[in-house]
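Q: Take this structure, written in structure tokens, and hold onto it; I'll ask about it next.
The values are calculated or read from the model by the stated rules, or taken from the named source; none is laboratory data. Just so it is clear, the model here is predicted, and its values are computed rather than measured. Here the Cβ is made from the backbone with ideal geometry for all residues, glycine too, and neighbour counts use every protein chain on show.
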């Protein structure tokens, strides 16, 4: 590794080892150094757990979601027994991708030569291969990948030896399990490409400092939230903060038919980062998530979705009007965030860019830095 890359990682590690009171933003080269980017691909995205989507987005057997994790196309598919399995999205014949996007199949058929697989990955048909001596469909099964579920989210790892995800998120589960976010109804999913580094968007999502300025016409229109925001260090695989509102504010609140959320939880919002790049906004009346994957140093693929609790949709005079209201807000927020995270990526390339002191409202950014230092600096 080049001397400049080593120096950047040493600076990152030194910042992570200090006290938060002295914390600074990441060295700007962290967003632009090709060697560090390659290290992130190798140590993070080829080994950690990546959110593919939600169980609620693939409710029936045969429902699937595809994602390219760096250079590895994968898909998850709901099984007949309603479990979910993950496979490499590569045909065992000539390596064509089997599925695209999101959808439903009864069997998985290769678009190139019609090799056909059951939902559990077993090859069941291969036209004209019966003339090939020794060929037997029973000998062929798609490459299975580790798959784990946490609070209704589906994760895949490219590492066959990945340690269980759900176990490492026990602390987070204890905080959010009463929300029952796995039962929220999916109302929107989309994949977008933004021109920025993946870390810029993760940091932005977990940054409470920019709300008053960037989101003055969306989240901040209900009033200041800085004085009701609390930030926490989280654990080895996550960090989070929460916004504790109250009944009079009428910004975030549980529906009267929601009898399982008690006390402050009825007016609470969690902002969560499941490392490396799954971010979640959880409220009693909304679930918004982004699964962020790098497509290069300066480009990202974002799969994001919005869900609403069933009791809110069922009680609405006009169901679509409730959905449209939430989607108008989220689209507004995205339109405010995109130019600023693309701006930050471009400006951190300047030779004059330096690490700046972090506000107490950016505590989670430091936690993210410490995660990166643990995995990249050794």
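Q: Give the residue that is nearest to residue 307 (Cα to Cα), with candidates limited to residues of the stretch 147-173 that are in a loop (DSSP other than H, G, I, E, B) and touching a residue at least 60 places away in the same chain (Cβ under 8 Å). Show your work before the answer.
A: Narrowing the stretch 147-173 to residues in a loop (DSSP other than H, G, I, E, B): 151-152, 157-164, 169.
Narrowing the set further to residues that are touching a residue at least 60 places away in the same chain (Cβ under 8 Å) leaves 152, 157-159, 162, 169.
On the way: 152: 12, 157: 24, 158: 27, 159: 30, 162: 29, 169: 21 Å.
Per the stated criteria, the residue is 152.
Q: Related question: If only one of 322, 333, 341, 252 is assigned by TED's automatic domain parsing to the domain that holds residue 178 and over 25 Å from residue 172 (Cβ atoms), which one is it?
A: Working: 333 fails: over 25 Å from residue 172 (Cβ atoms); 341 fails: over 25 Å from residue 172 (Cβ atoms); 252 fails: over 25 Å from residue 172 (Cβ atoms).
Among 322, 333, 341, 252, only 322 is assigned by TED's automatic domain parsing to the domain that holds residue 178 and over 25 Å from residue 172 (Cβ atoms).
Q: Same structure again: Has the stretch 235-256 got at least one residue that is farther than 21 Å from residue 49 by Cα, exposed (fewer than 14 other Cβ atoms within 10 Å of the Cβ) and in contact with a strand residue (DSSP E or B) (Cβ under 8 Å, 6 or more places away or on another chain)?
A: No - not one qualifying residue is present in the stretch 235-256.
Q: For the stretch 136-145, indicate whether the set of residues that are touching a residue at least 60 places away in the same chain (Cβ under 8 Å), touching a strand residue (DSSP E or B) at 6+ places or on another chain (Cβ under 6 Å) and under 30 Å from residue 288 (Cα atoms) is non-empty. Give the steps one after another, and end with the answer.
A: Start the filter on the stretch 136-145 by keeping residues that are touching a residue at least 60 places away in the same chain (Cβ under 8 Å), which leaves 145.
Still in the list and also touching a strand residue (DSSP E or B) at 6+ places or on another chain (Cβ under 6 Å): 145.
Within this subset, residues satisfying the condition of being under 30 Å from residue 288 (Cα atoms) are 145.
Scanning the stretch 136-145, I find at least one residue that is touching a residue at least 60 places away in the same chain (Cβ under 8 Å), touching a strand residue (DSSP E or B) at 6+ places or on another chain (Cβ under 6 Å) and under 30 Å from residue 288 (Cα atoms), so the answer is yes.
Q: Continuing with the same structure: Looking at 115, 150, which is the one that is more than 30 Å from residue 184 (Cβ to Cβ) and either surrounded by 15 or more Cβ atoms within 10 Å (Cβ to Cβ) or assigned by TED's automatic domain parsing to the domain that holds residue 238 (or both)? Explain how you work it out, then say what you get.
A: Details: 150 fails: more than 30 Å from residue 184 (Cβ to Cβ).
Just a single option satisfies the conditions, and that option is 115.
Q: I've got another one for you. Only one of 191, 187, 176 is part of a strand (DSSP E or B), farther than 29 Å from residue 30 by Cα and not assigned by TED's automatic domain parsing to the domain that holds residue 120. Can you tell me which? Even if it seems obvious, please write down each step before you answer.
A: Details: 191 fails: farther than 29 Å from residue 30 by Cα; 176 fails: part of a strand (DSSP E or B).
On inspection, the qualifying residue turns out to be 187.
Q: Quick check on this structure: which one of 201, 142 is modelled with pLDDT of 95 or more and either more than 15 Å from the chain's Cα centre (by Cα) or exposed (fewer than 14 other Cβ atoms within 10 Å of the Cβ) (or both)? Even if it seems obvious, please write down each step before you answer.
A: Details: 201 fails: either more than 15 Å from the chain's Cα centre (by Cα) or exposed (fewer than 14 other Cβ atoms within 10 Å of the Cβ) (or both).
On inspection, the qualifying residue turns out to be 142.
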